[in-house]
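We did not get these values from a lab; they are worked out from the coordinates using the rules stated. This is a predicted model, so every value here is computed, not measured. Here the Cβ positions follow ideal geometry from the backbone for every residue, glycine too, while neighbour counts run over all protein chains shown.
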2 protein chains.
Amino acid sequence: MDLVVHDIDFLWTGETLLEKSSISVEDGEIVAIAGGDTTPAAREPVIEAARIVDGRGKALLPGFKNGHTHAAMTLLRGYGDDMALQEWLQTRIWPVEAALTPEDIYWGTRLAALEMIRTGTTFANDMYFYPRDAVRAFEDAGIKAAVGLALFDFFDEERRAQETSRMEEILRDVGASHGRGAPVSLTVAPHSIYTCGPELLRWSVAAADEAGLVLHTHLAETRTEVENARRDLGMSPFSYAHSVGLLSENAIAAHAVWLEPEEIAMAASSGVTVVYNPASNMKLASGAFPFRAFADRGVPMMLAPDGVASNNNLDMFDEMKLASLLQKHHNADPELMTARETLDVAIGAAMRRGDRSHRTDLFPAVGSAIVPGAPADFVLLDLSHPQMVPVHNLISNVVYAAGGGVVDTVVCGGRVLMEDGEVPGSEEVITEARRCASALVQRVATH
Amino acid sequence: MDLVVHDIDFLWTGETLLEKSSISVEDGEIVAIAGGDTTPAAREPVIEAARIVDGRGKALLPGFKNGHTHAAMTLLRGYGDDMALQEWLQTRIWPVEAALTPEDIYWGTRLAALEMIRTGTTFANDMYFYPRDAVRAFEDAGIKAAVGLALFDFFDEERRAQETSRMEEILRDVGASHGRGAPVSLTVAPHSIYTCGPELLRWSVAAADEAGLVLHTHLAETRTEVENARRDLGMSPFSYAHSVGLLSENAIAAHAVWLEPEEIAMAASSGVTVVYNPASNMKLASGAFPFRAFADRGVPMMLAPDGVASNNNLDMFDEMKLASLLQKHHNADPELMTARETLDVAIGAAMRRGDRSHRTDLFPAVGSAIVPGAPADFVLLDLSHPQMVPVHNLISNVVYAAGGGVVDTVVCGGRVLMEDGEVPGSEEVITEARRCASALVQRVATH
């Protein structure tokens with residue numbers, strides 16, 4: 001056995017709460033779960049493992065799945081806040097993004113992955129620049145990820161040709177080793193319907209289909225996007241996306257805030273996965289995700305912090321609390337989006353379709369339940385942290401009371417990435433990320 | 001010297017950001033701050049202190065001030081969620097509160113204080129039951145507090161007589177040693193205008209005046225409270241509170257969500273301090289605090305998590321992020337409630353009036369700035385936590401990026417309550433709080 005976690009106080013499988021149980025892992029997968037009644041004799045064999053983690057005083061649950069992020073933006077943490085979207089993009093974000101180097105992407109993504117590990121995230125769906133370096137950063141950090149190069153053509157044919165050939169080169173170079181089933185896979189990521197012309201959107205759909213990859217885009221984030229789409233494209237964003245073939249069972253639409261009632265049905269029948277970004281939507285005053293409408297139609301959903309520049313962290317505990325509280329406040333209904341519904345969205349359970357009980361459809365390497373045969377992607381929380389005391393309701397404590405500080409141990413693909421709050425190699429990541437961040441803003445200032 | 005913190009990377013005084021500085025503390029007060037240019041020779045004398053803390057890799061700022069809480073409700077963490085207010089109170093909270101013992105209050109308050117220390121809070125304005133035991137708990141934990149017995153008469157004369165004699169007894173017993181200037185002081189705390197008749201409210205105002213204590217109440221929390229006040233009392237809550245003398249420079253009104261425009265002016269001229277409870281207001285779908293209107297009129301403000309049962313934690317980092325994000329979302333304005341404005345509300349700077357630059361008017365023992373002569377109530381944050389990297393803007397990192405897990409060291413009244421994340425005596429608090437919480441719900445279940 002590669003890894004055994006024994007005597008876990010509480011284990012949330014995704015469906016059931018077990019007490020005093022043990023779990024064993026081999027070749028990156030969960031192979032057995034022993035219940036509370038296991039006698040010492042029965043437990044003897046599993047204790048013979050290459051790595052043994054003591055689960056006493058801990059709660060185990062699936063790791064969090066970050067459904068939409070721009071990982072390397074950690075280098076811009078706090079670089080521009082409390083600003084209107086357009087001013088923020090034009091005066092703060094775009095000038096810095098133009099100066100980013102592959103090295104910045106590598107260390108920015110490593111810093112993001114470090115924060116994710118510290119706060120219990122085992123998978124991130126990333127969209128940014130220099131995907132080769134982002135792939136390498138996630139692989140070196142040990143968490144699972146889907147990495148897309150953000151494609152923009154601003155409705156310009158020449159730029160479109162550049163973007164598609166750049167993307168084709170990446171697919172050629174790293175596509176074969178980073179297919180959809182890989183721990184770190186590529187995606188095709190046209191940025192949005194307002195930065196990509198219809199030809200680039202259609203090319204992206206075809207490229208994703210051909211390579212068997214997931215398509216990742218921003219969609220229906222702001223009221224302005226809706227107004228502009230109606231004016232310039234003659235349709236609201238979801239309808240337009242549908243008309244160019246963007247919505248499918250292979251697609252992830254981040255934000256999905258502004259939909260007409262008939263577009264909720266369109267989302268449901270298309271099979272698209274929508275991603276709720278509560279902190280980002282609140283910080284930029286974008287609006288509130290229609291959680292109840294999506295949930296009632298069975299639309300697959302994920303939760304996400306977006307990029308650090310509009311958040312300003314990657315802590316899924318923050319997102320869970322904000323997700324539920326925003327629904328309750330915005331709809332004036334304290335019973336909306338329960339703790340259980342929120343946890344399901346955060347661990348990837350709400351993105352599953354059909355009877356795939358332990359692997360997500362979009363990313364087969366990613367586990368979203370603690371059952372034999374599932375990928376071993378899980379976290380252990382410290383039950384002696386005051387925010388986890390007492391345990392009247394474990395899920396409520398996780399969603400409403402806990403912060404990232406309660407995460408004690410993180411296992412991804414069977415590898416222990418953090419134990420007792422320690423992530424080996426953190427110091428180098430912090431040092432290099434600081435160096436890249438200061439050099440970056442200095443380059444921009446002196447430009 | 002009692003305590004020296006040397007070589008602090010960043011020190012936020014409340015007004016200014018200092019780099020590479022040191023701070024010395026004697027008899028619970030800050031006596032000196034040495035700037036970044038201090039030579040080793042000049043630093044020599046201050047290094048001779050009873051306790052020395054290394055500030056390298058840390059940021060120092062004033063501790064957080066929790067403006068409104070029910071501390072011992074930590075024992076009910078996660079006991080009832082996702083419910084409408086009345087059902088929640090009647091089926092979950094009130095039956096358990098009726099079964100609370102003084103021992104429960106003591107250990108529940110100790111658990112609260114432990115969570116507050118872990119997340120950087122050095123003062124709490126508490127309102128609950130058995131105040132003698134709450135006072136003892138805060139004193140044993142070492143943080144500063146104001147403690148009120150929640151008074152209710154439900155408009156019944158007999159209950160009023162019981163409540164006032166109970167409160168008079170407490171004032172006699174512990175009032176002298178816990179006056180307004182003490183680290184742990186008493187308050188007079190009529191619960192609200194809908195649970196206290198006008199006679200009890202007037203009695204409370206007179207009792208607070210006579211004893212020189214702060215008055216603490218809930219006010220204008222929900223739309224229902226407004227509707228009922230109009231129907232039953234002929235006025236909206238703030239106007240009614242004003243008519244019975246409740247609003248004054250000695251009063252704290254928690255929630256203050258629903259005010260008519262003219263009541264904002266009334267709040268301003270009365271001198272009352274209002275408390276913003278974003279998580280509680282969102283979780284119970286109560287509404288959004290009118291931050292901008294209060295700020296424009298110079299109304300003193302505090303920030304608070306309310307009780308754990310409607311939150312479910314006491315982490316002021318959560319409250320800061322929610323406070324700012326709720327304003328931006330609710331008013332569709334991403335420039336509202338900046339990081340600096342939010343931090344000011346959280347550290348007690350926004351509750352100061354006049355020229356008292358370092359002590360709060362309401363609680364003179366409580367410090368809200370890092371200046372010589374101020375009470376030594378401050379925290380050190382770990383700058384190598386990934387959520388604090390990089391530092392383009394320290395305040396933005398504190399308000400939007402950090403969680404309670406970044407707090408490294410907590411000093412209150414000159415005493416080091418936590419260093420390197422360790423609070424001595426935590427284990428006993430956790431064990432006893434768990435014991436009390438299970439016994440409590442068992443008593444209720446078998447009742």
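A few notes on this one:
- Pair-distance distribution of the stretch B:49-183: all C-alpha pairs, bin width 10 Å, starting at 0; shares per bin in whole percent are 11, 34, 33, 16, 5, 2, 0.
- Cα gyration tensor shape of the stretch B:140-208, rounded if a/c is under 1.5, else prolate or oblate by comparing a/b with b/c: prolate
- In order through the stretch B:333-339: 3J(HN,Hα) via Karplus (6.51 cos²θ - 1.76 cosθ + 1.60), integer Hz, x for Gly, Pro: 9, x, 8, 6, 6, 5, 4
- Take each residue of peptide B:313-324, count the partner chain Cβ atoms within 10 Å of its Cβ, and average: the result is 5.
- Percentage, to the nearest whole number, of Cα pairs in the protein assembly as shown over 57 Å apart: 9
- Counting other Cβ atoms within 10 Å as a rough exposure proxy, the listed residues B:L215, A:L380 run B:L215, A:L380 from fewest neighbours to most.
- Using a 7 Å Cα-to-Cβ projection, B:V371 label spacings across copies, nm, ascending: 6.3
- Taking a straight line from the alpha carbon of B:K321, these lysines sit under 23 Å away, with near neighbours fewer than eight places off in the same chain left out: A:K65, A:K283, A:K321, A:K328, B:K58, B:K65, B:K283.
- Residue with peak Gaussian network fluctuation, chain A [Cα springs, cutoff 10 Å], from A:H242, A:H70, A:H218: A:H242
- Residue-count net charge about A:F363 - beta-carbon cut-off 9 Å; Lys, Arg +1, Asp, Glu -1: +3
- Candidates A:A84, A:A206, A:A241, ranked by Gaussian network fluctuation over chain A, Cα under 10 Å, top entry: A:A84
- For chain B, the C-alpha radius of gyration sits at 0.95 times the compact-globule guess of 2.2 N^0.38 Å, with N the residue count.
- On Cα atoms only, tilt of B:102-118 relative to the major axis of chain B in degrees: 40
- 3J(HN,Hα) along the stretch A:190-203: x, 4, 5, 6, 9, 10, 10, x, x, 5, 5, 5, 5, 4 Hz, from the Karplus curve 6.51 cos²θ - 1.76 cosθ + 1.60 with θ = phi - 60°, whole Hz, x for Gly and Pro.
- Whole-angstrom gap from the stretch A:193-230 to the stretch B:207-248, using each part's C-alpha centre: 54
- Shown for B:S324, B:S239: other C-beta atoms within 10 Å of each C-beta, ranked fewest to most, produce the order B:S239, B:S324.
- Ascending distances from the B:E48 label point to its copies in the other chains, with the point 7 Å along the Cα-to-beta-carbon line: 6.5 nm.
- In the assembly of identical copies, B:E15 has its label point, taken 7 Å from Cα in the direction of the beta carbon, separated from the corresponding points by 6.3 nm (ascending, one decimal).
- Rounded to the nearest whole Hz, the Karplus-based 3J(HN,Hα) values (6.51 cos²θ - 1.76 cosθ + 1.60, θ = phi - 60°) of the stretch B:64-73 follow the sequence 7, 10, 8, x, 6, 8, 10, 4, 5, 5, with x at glycine and proline.
- Considering only chain A, the C-beta nearest to the rotation axis that sends A to B is found at A:G405, 1, the distance in whole Å.
- FRET E, pair B:D27, B:E169, Förster distance 35 Å, beta-carbon r, rounded to 0.05: 0.60
- For the stretch A:191-257, the Kirkwood estimate of hydrodynamic radius, built from reciprocal distances between every pair of different alpha carbons, is 11.8 Å.
- Rg and Dmax [Cα atoms of the stretch A:355-445; Å; Rg one decimal, Dmax integer]: 18.0, 54
- Candidates A:E422, A:E341, A:E221: whichever shows maximal mean-square fluctuation once chain A is modelled as a Gaussian network with Cα springs under 10 Å: A:E422
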